[in-house]
Amino acid sequence: MKLFATLLLLGLCIATFLWWRARARWRARYIDAYPYQKYLDRYLAARRPELSEAQRKLVFGGLREYFQLCRQARGRRVAMPSRAAHEAWLEFILHTRRYRRFCARGFGRFLHHAPPETLRSPGIAQDDLKRAWRLSCRREGINPQAPRTLPLLFALDAMLGIDDGFRYQAGCLPAGPVDTGGACPLHAACGGVCAGSACRKAQ
């Protein structure tokens, strides 16, 4: 009887683990497949008329990547390193019903937007950006301590020539901000962070 109970508990644990893994894969596929450009392109075009359709497509790729970072962070805050992707996110939030449905399916919770100035201290905002840097590097196979290139979200604004965008340099790590107009990802401010009912805890 004791052996049966042990085997039953083990089976339940394995089933729970497999269900959790399957759900995580489904959410990742949902975030990747979501038609951001279909629903948001004309709004981003109005906000950023200088961007071509191909450039806006790149922005939505950055937004997709940011949502994957938030999913992988499992409730911890993640800074938004790109102003262009941040603006696409803001446009999405304005479509409340669609955004709420997206969050429920992609994260299992509502993903709130929290500007950096609402955080308790500058150090917390820096931690959120460091988390974005580590997760981005891991997803793109970049060594976060010795990067030879920048992940998409950290390179996006410079690639698009966004005048008021956020710019970073890969080669400056682990030093402080550089003097050439860029900044180290581990020291720069950013446009906003994800937050939510399960997204309050700093790492």
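The values are calculated or read from the model by the stated rules, or taken from the named source; none is laboratory data. Predicted model, so just to flag it, every value in this text is computed and none were measured. Please note: Cβ atoms are built from the backbone with ideal geometry, for glycine as well, and neighbour counts cover all protein chains shown.
For the reader, a short list of remarks on this structure follows.
- Condition met for residue 105 (charged (D, E, K, R), in a helix (DSSP H, G or I), out of contact with any Ser or Thr (no Cβ under 9 Å at 6 or more places or on another chain) and over 21 Å from residue 156 (Cα atoms)): yes
- Matching residues, region 53-64, being surrounded by 24 or more Cβ atoms within 10 Å (Cβ to Cβ) and closer than 20 Å to residue 137 by Cβ: 62, 63
- Taken over region 73-114, the criterion of being closer than 18 Å to residue 165 by Cα and either of a type in the set (D, E, K, R) or over 14 Å from the mean Cα position of the chain (by Cα) (or both) is satisfied by 83, 87, 91.
- Members of region 139-157 that are out of contact with any Phe, Trp or Tyr (no Cβ under 8 Å at 6 or more places or on another chain) and touching a residue at least 24 places away in the same chain (Cβ under 8 Å): 139, 145, 146, 147, 152, 156
- Screening region 71-115 for residues that are of a type in the set (A, V, I, L, M, F, W, C) and within 25 Å of residue 22 (Cβ to Cβ) and picking the one that is surrounded by the most Cβ atoms within 10 Å (Cβ to Cβ) gives 78.
- The number of residues in region 35-76 that are closer than 16 Å to residue 103 by Cβ, in contact with a Gly (Cβ under 9 Å, 6 or more places away or on another chain), of a type in the set (D, E, K, R) and in a loop (DSSP other than H, G, I, E, B) comes to 0.
- The single condition among (1) surrounded by fewer than 23 Cβ atoms within 10 Å (Cβ to Cβ); (2) under 28 Å from residue 23 (Cβ atoms); (3) at pLDDT 95 or above that residue 50 does not satisfy is (2).
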